[in-house]
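Heads up, the thing below is written out as structure tokens.
Taken together, the values in this text are just the output of simple stated rules run on the coordinates, not laboratory data. Please read these numbers as outputs of a predicted model, since none were measured by experiment. Here Cβ is always computed from backbone atoms with ideal geometry, including for glycine, and neighbour counts include all displayed protein chains.
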Amino acid sequence: MTNAIELTGMKKVFGSHTAIKDVTLTVKKGEIFGLLGPSGSGKTTTNKILTGELSATAGDVKVLGMDSTKFGSAAFKSKIGVLSDNSTLYDRLTVRDNLKLFCKLYGAPLKQIDVILKEVNLQDEGSKTVSKLSKGMKQRVLLAKALIHKPDLVFLDEPTSALDPGNMTHIHRGLQRLNEAGTTIFLTTHNMEEATELCDRVAFLHNGELQEIDSPSALRYKYSTHAFHVETVTGEQLVIQNKPENAGQINELITTNQIKFMHSDNPSLGQIFLKVTGKELV
Ligand SMILES: Nc1ncnc2c1ncn2[C@@H]1O[C@H](COP(=O)(O)OP(=O)(O)OP(=O)(O)O)[C@@H](O)[C@H]1O
């Protein structure tokens, strides 16, 4: 099995509202895959279908080679980790006691607790009661809970939304290490910088439909105008296409010291999303 997730024609209807229209998607084992979309686009619904919390109205859904009838099984649950808006902790217990319970639930060794607390930058907070933690700390305990049993595939719904920049960077490094060790990561986010930095491939979800699927770099290249933007020392603004016939003009600007600033057109994923869907990614 080389694919972690295989979706064919996945659809989800809530009453008269179709939240997911017709999603066909493959996530390879070992990928960090980002599902990007604004609020209400269907990210959480997709996550819930893939983790067995909701069932699809139509289509084929396969996760780790199992179809959705197996999503309630212990075998499935032991192989996936989930951080979602429904993830909870025992507020009156300490961080460590919470993680002990999840170790028991998943049959993970207790020595994993110290390893995972370090990964989420909570090595000094293990004896704190969860109710006394900040929002960002709670989010990191939830992440530790999702990862404690070393799952093959983790679903992370907005994993860093409550984190300060320092902890966000720490978690990003941790997720990259986890991925290098073989874990597939399915990330839903509307944080474009996060997606650009972490994801091997991203998909744009808009009104329950996928619009683009590719690597951040390929998408940025596809939607680039392939031009250099130059501001000269005299304040002139030039736009020069990246073409062999313009090499002489660029060379002349460089050799005569006329360039104050020069950058290539390199659209962000947020700008591309706006171009593709006409909607801001917020
Ligand atoms: N249980 C439900 N009953 C009815 N409608 C729902 C239900 N869950 C989600 N929806 C609708 O489905 C659409 C997609 O919602 P979803 O929560 O998947 O979006 P999202 O992309 O995760 O948004 P956000 O970033 O705000 O969490 C929305 O229009 C939402 O109102």
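Rounded, prolate or oblate: which one fits region 125-166, using the alpha carbon gyration tensor with axes a ≥ b ≥ c (rounded when a/c is under 1.5, else prolate when a/b beats b/c, else oblate)?
Values: a/c = 2.55, a/b = 1.33, b/c = 1.93.
Oblate is the answer for region 125-166, as a/c is 1.5 or above yet b/c matches or exceeds a/b.
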**Report entry** 16 Å Cα-Cα reach of LYS111 towards lysines, excluding residues that sit fewer than 8 places from it in its own chain
**Finding:** LYS100, LYS145, LYS150
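DSSP loop (so not H, G, I, E, B), at most 11 other Cβ within 10 Å: list which trypsin sites (Lys or Arg not before Pro) in region 18-73 pass both filters. List each step's numbers first, then the result.
On the way: sites: LYS21, LYS28, LYS29, LYS43, LYS48, LYS62, LYS70; in loops: LYS29.
Here no loop site has a sparse enough neighbourhood.
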Requested in this report: Quick one, can you get me the convex hull of the C-alpha atoms of the chain expressed as volume per residue in Å³?
Outcome: 170
Report summary line: Charge tally for neighbours of ASP152 with beta carbon under 11 Å away, counting Lys, Arg as +1 and Asp, Glu as -1, is +3
Report task. Pull out the extension gain between GLN176 and ASN246, defined as 0.36 nm times the separation in residues minus the alpha carbon to alpha carbon distance; nm, one decimal. Result -> 21.2 nm
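What fraction, in whole percent, of alpha-carbon pairs in region 69-133 exceed 15 Å separation?
The proportion of pairs with Cα distances above 15 Å equals 59 percent.
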Query raised in the report: Using alpha-carbon positions, what is the distance between the centroids of region 31-52 and region 221-282, in Å?
Result: 33
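For a protection proxy built on the mean count of beta-carbon atoms within 10 angstrom, sort 228-239, 119-130, 134-145, 49-60 highest first, please. All intermediate terms of the calculation are to be shown ahead of the outcome.
Numbers: 228-239: 12.9, 119-130: 16.5, 134-145: 20.6, 49-60: 18.0.
In decreasing order of mean packing, 228-239, 119-130, 134-145, 49-60 become 134-145, 49-60, 119-130, 228-239.
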Query - Alpha-carbon centroid distance for the pair region 2-22 / region 77-126, whole angstrom - result: 30
Query raised in the report: What would the Debye formula give as log10 I(q)/I(0) at q = 0.13, 0.14, 0.20, 0.25 Å⁻¹ for the alpha-carbon point model of region 198-282, no solvent?
Result: -0.56, -0.62, -0.88, -1.14
Report summary line: Cα-Cα longer than 19 Å, checked against LYS12/LYS222; LYS11/LYS43; LYS62/LYS279, kept in input order, equals LYS12/LYS222; LYS62/LYS279
